[in-house]
Amino acid sequence: MSDKIRVLIVDDLPETRENVRKLLQFESDVEVIAQAGNGEQAVELAKQHRPDIILMDINMPGLDGIGASQAIGQHVPSAQIIIMSVQSEADYLRRAMLAGARDFLMKPFSGDELITAIRRVHTMRPAVREVAVPATTAERHDRGGRAPAPREGNIISIYSPKGGSGCSTIAVNLSVALADQGYKTLLIDGSLQFGDVAIMLDLKPSRSIVDLMDRMVDLDVDLVTSVLVTHESGLRVLMAPPRPEMADLVTEEKMKALLEILRTQFEFILIDNSASLNDVALSVLDVSDRIFLVTQQSLPTLKNVSRFFDLANTLDYERSKVLLIVNRASDKQGISVKDIGDTLKRPVIATIPSDEDAVTRAADQGRPLVTSKARKRPISNSLTKLAELTVTEFDPKKDIEDKAQKSARAPFWKRLFGFGRQSEAIGG
Ligand SMILES: Nc1ncnc2c1ncn2[C@@H]1O[C@H](COP(=O)(O)OP(=O)(O)OP(=O)(O)O)[C@@H](O)[C@H]1O
Ligand SMILES: [Mg+2]
């Protein structure tokens, strides 16, 4: 078989097929191996030729492009489908993506757009399915794990109600530090539209959360772990969708179902969230055992943080669920860390110093601070300490203490009618 990208063109109009073929004829790395005029023929030819890429029209008489994509997804999963459509409606795109298409082109498209899409989809095609092997406790100790083993399935959201506060920086470094200490750790890029995790860890986002969205019925551990990407630290990563408009393929119910399965496979699941809250983001915060709330010392950020605490109160989150982290901490500028803790009446569990040089270099090179040359810098130390504290936070012994504290809270009927709430209100 040649090294060329082997392409099948599917469209009911012979002129369209011919135009597409012509656009590709001078590309030395692409070979058009067959053409189909309808969905049924597309499925047959796909089975016979096993093309790398299928350029698929949506509207065809008989079996349409969406039905054909579904059938091909089952019979020839190695074939990557690019939808060609005149319909710009989100619904078409959504259905095509759910049917397993990897990308789409709006007709009319240029030769450049076509070849770029083919090469991109071909480069990002999923690797052979891999299955996670859970690290045993013995392995963990071999890797120098010192702290007590936490319960399984602890979910931690890294969140800030103000964009650009440092959630991704903290989420990436904290999860790499935990994986490096030998804990079975998963990082989910919950910035579904503009995720930064892939670039910060220098990982090819070949598979993403979107690959699971059309497979919710047969979702199981093997399938879920097959879309995770592995970082050299041992950290597993669930990538954000490759394109911003695919973010709304991820629904609240599906996210919840996914987290329930993943919870059984990892000791720590960290989610890097974006600032804006929609149903999916709220459901992630709901199921999280802890929310590490990232703040800075500026008034606008603290105003948003205070509002978020109001929301947390309305949602009846336990006080111990939301913990504060001050990022870009400085003794010289802004509101002091002590004042932040006092005003918000919540403990600040970590302060991460500002280090523009190290953070920018780490992100640009895709090398986390905690395992790179920068690991001796104060910022890396504070992130490694945060990892140690995270482990302690989930120490089963602490759970017992927390339960004892909870049982000392106001009785249920008082909380139901709002008595005792006042003293928990933020900033009040
Ligand atoms: N402790 C720090 N010292 C210096 N710069 C930092 C620090 N933390 C984050 N930054 C910088 O601040 C910017 C925002 O950081 P980051 O992307 O981690 O924030 P975010 O909360 O994930 O943002 P977004 O809302 O875009 O998702 C980046 O340019 C990052 O390099
Ligand atoms: Mg981010």
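So for region 326-348 (the condition being within 16 Å of ligand 2 (Cβ to nearest atom), farther than 19 Å from Asp286 by Cα and in a strand (DSSP E or B)), does at least one residue qualify? The answer is yes; a qualifying residue exists.
The requirement of being in contact (Cβ under 8 Å) with a residue 40 or more places away in the chain and either among the polar types (S, T, N, Q) or closer than 21 Å to Val370 by Cα (or both) is fulfilled nowhere in region 214-223; no residue meets it.
Looking across region 364-373, the residues that are crowded, with 19+ Cβ neighbours inside 10 Å and part of a helix (DSSP H, G or I) come down to Leu369, Val370, Thr371. Residues of region 189-199 that are more than 8 Å from ligand 2 (Cβ to nearest atom) and surrounded by fewer than 24 Cβ atoms within 10 Å (Cβ to Cβ): Gln193, Ala198, Ile199.
Taking the listed residues Leu186, Leu212, Leu203, the one that is more than 16 Å from ligand 2 (Cβ to nearest atom), at pLDDT below 95 and hydrophobic (A, V, I, L, M, F, W, C) is Leu212, with no other qualifying.
Leu324 meets the conditions (1) surrounded by fewer than 19 Cβ atoms within 10 Å (Cβ to Cβ); (2) farther than 30 Å from Lys254 by Cβ in every case but one. The failed one is (1).
The residues in region 267-285 that are within 16 Å of ligand 2 (Cβ to nearest atom), assigned to a loop (DSSP other than H, G, I, E, B) and crowded, with 21+ Cβ neighbours inside 10 Å can be counted, and the count is 1. If you check Asp196 against the conditions, is it in contact (Cβ under 8 Å) with a residue 60 or more places away in the chain, within 11 Å of the chain's Cα centre (by Cα) and within 16 Å of ligand 1 (Cβ to nearest atom)? When the stated conditions are applied, Asp196 passes them.
Residue-by-condition table, conditions (1) assigned to a loop (DSSP other than H, G, I, E, B); (2) within 16 Å of ligand 1 (Cβ to nearest atom); (3) farther than 17 Å from Ala363 by Cα; (4) not charged (D, E, K, R):
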{"site": "Ser165", "(1), (2), (3), (4)": "yes, yes, no, yes"}
{"site": "Ala171", "(1), (2), (3), (4)": "no, yes, no, yes"}
{"site": "Leu178", "(1), (2), (3), (4)": "no, no, yes, yes"}
{"site": "Ser206", "(1), (2), (3), (4)": "yes, no, yes, yes"}
{"site": "Asp222", "(1), (2), (3), (4)": "no, no, yes, no"}
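The values are calculated or read from the model by the stated rules, or taken from the named source; none is laboratory data. Keep in mind it's a predicted model, so treat the numbers as computed, not measured. Methodologically, a virtual Cβ is constructed for each residue, glycine included, from the backbone with ideal geometry; neighbour enumeration extends over all protein chains shown.
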